[in-house]
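Step one of this worksheet: look at the structure below.
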Amino acid sequence: MFSSVIAKLILLTIPLTLAAAAGLWLLNRQTHADALLLAASAASAQQALVGSATQQASDLVDQGGRSARLVDEVRSLQLHFQKQVLAFKNLIVRGERPDQREVFIRAFEQHQAAVTATARSLAALFSDREMEGRIEAFVKSHGLLTVSYRNAWAMIDLAETWAEGLHRADDYMVGRDTEPTRMLDELTRDILASAASRLAARQQDGKQVLLAAASSGENELQQAVESTSQRQKRLGVMALTALVVAVLVLLVVAHRRLRPLRAAATALNRLAEGDLESRLPVNSADEFGQLAVSFNRSLEALTATLGTTHVDWSTFAAGRHGAAQRLGADLARTTVDLSQAGRSGAEAASAVDAHTRQLASQVRTIGTGLESTAAGVEELTTSLATVATSAQRANDAVSRTHTLATNAGKSLEEFRAAALKVGEATHLIAHITRQVNLLALNATIESARAGEHGRGFTVVAQEVKAMARQTAEATEAISSRISSMQAVGERTAKEVQAIDELMRQAAETVSEVSTAVEQQVATTREMASILSRSASEGQALQGVVAELERISATSSVAAGTTRQAAQELERLASDLRLALGSSA
């Protein structure tokens with residue numbers, strides 16, 4: 001009788017349970033795939049950021065090298081120009097002796113050629129036509145100055161005396177070096193300013209590119225995390241819904257199928273007490289419906305035979321003859337058999353209920369596993385968020401390290417240039433000091449020898465003053481550049497310390513990323529363990545289903561016994577009517 005009921009329970013329970021297990025398996029698989037996707041997204045964003053930083057660093061290095069070359073060329077041009085002027089002054093002051101004159105002329109020609117070559121090299125570094133034109137104008141002005149110097153030499157050579165030649169040359173050269181000097185100073189100032197502005201612009205472009213790359217990587221990673229979280233939630237809700245539906249369907253079906261059995265047991269107990277009015281509802285055409293029809297027909301026949309709806313079986317048996325007693329005894333035995341069958345059915349129903357509760361417990365265990373899986377997914381999401389945050393911190397640390405390294409490189413370059421200038425200024429001061437001493441000595445000697453004609457040595461006195469002025473300017477330049485070198489040294493030391501600190505932070509960030517990845521691996525393993533336990537619970541559920549099949553067989557036997565007892569009761573009721581009719 002219960003075979004069709006149990007079969008329906010099995011057909012409903014097993015597919016739903018398998019669907020829930022499949023949902024858990026899909027959830028774990030999707031979680032693993034999403035974790036791999038997030039890791040790939042984080043690695044891609046990090047690689048793109050590192051590539052951008054490397055490219056910007058390379059561009060900054062190239063720009064810094066070009067700026068340094070421009071500075072070197074400009075400083076070299078200034079130095080050769082100053083040495084050319086100095087060689088001419090040495091020639092007109094100390095070139096009376098042929099051997100010294102030859103030395104000064106050779107130095108003058110060397111520095112003149114160096115000025116021209118350096119100017120051409122400097123022009124080649126610019127693609128700006130305006131700057132090339134200005135450099136070319138300086139070269140022409142310098143060429144005119146060189147011609148003026150050579151004309152002054154010719155005046156000295158053509159003069160009758162050395163003093164007269166010096167006086168004419170001095171008058172001739174007044175103001176002729178002003179224009180080339182002004183042009184060189186303006187070129188130097190503009191070239192240095194242009195190099196500094198280009199380097200600053202390159203640094204700003206690098207910062208913008210790094211910020212854009214970091215922002216793009218962060219947005220992509222955040223979108224991947226949100227998409228993964230939504231997919232995991234949907235899968236979790238689907239699996240949980242399948243489990244809840246399975247449990248509800250199982251409970252409803254079990255309750256509806258066991259209700260007729262409880263009604264039959266109640267009706268049999270009332271019949272044993274003598275109540276002939278009880279009837280079983282006929283709600284289906286299965287075994288329960290057939291049992292209800294047979295039971296109702298038996299009670300109707302018994303009621304029609306006895307002519308009453310309530311019977312005291314003990315009184316009824318005492319007032320009849322032996323046939324009625326035998327019939328009553330047979331009827332009592334039949335009733336006992338029906339009661340036993342009812343109890344057997346109740347026991348079977350109790351067993352079904354117990355195993356149903358066990359099945360519900362198994363389903364709850366699976367639900368607990370699902371909750372653990374959801375918690376693991378949440379922990380995995382948190383770990384991945386930590387990975388994203390750590391990656392962002394690493395990106396920030398790399399960016400700041402790059403900026404500070406660039407500043408440190410600039411500071412070191414300034415430090416090197418300042419040191420070079422200090423050496424040049426020191427050399428110039430030493431040389432000028434020697435020339436001042438010699439000029440003072442020569443002026444004293446010549447004045448003593450010339451007497452009244454010593455006035456011709458006014459040029460010498462002017463040169464002495466010029467040398468003294470240059471000495472003061474060089475001394476001031478040394479003081480200023482030494483201060484600059486000290487400031488640059490202090491700034492470089494601080495930036496190097498900051499770089500060390502940022503590198504330490506980068507190391508800590510990498511450690512945090514590693515820890516987050518380890519947590520994600522542990523969470524994945526825990527989810528695999530939960531799925532394994534869910535599989536074991538599924539096997540136990542299969543055992544419960546087998547037990548339900550056995551109980552179904554027992555219930556079928558009990559139902560057969562109940563039907564036979566009902567048929568026997570109907571036969572005895574017919575015999576009872578005949579016996580009562582004969583006794584009457």
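The values are calculated or read from the model by the stated rules, or taken from the named source; none is laboratory data. Here the structure is a predicted model, which is why all the values come from computation and not from measurement. Note that we place each Cβ from the backbone using ideal geometry, even for glycine, and neighbour counts take in every protein chain shown.
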Practice problem: Can you confirm whether segment 75-96 contains a residue that is within 25 Å of Asp205 (Cβ to Cβ) and under 59 Å from the mean Cα position of the chain (by Cα)? | Solution: no
Practice problem: Among the residues of segment 192-220, count how many are charged (D, E, K, R), at pLDDT below 75 and within 19 Å of Arg66 (Cβ to Cβ). | Solution: 0
Self-check item: Failed criterion for Ala123 (all others in (1) more than 18 Å from Glu73 (Cα to Cα); (2) assigned to a helix (DSSP H, G or I); (3) in contact with a helix residue (DSSP H, G or I) (Cβ under 8 Å, 6 or more places away or on another chain); (4) not acidic (Asp, Glu) hold)
Solution: (1)
Quiz item: Is one or more of the residues making up segment 98-108 in contact with a helix residue (DSSP H, G or I) (Cβ under 9 Å, 6 or more places away or on another chain) and among the basic types (Lys, Arg)?
Solution: yes
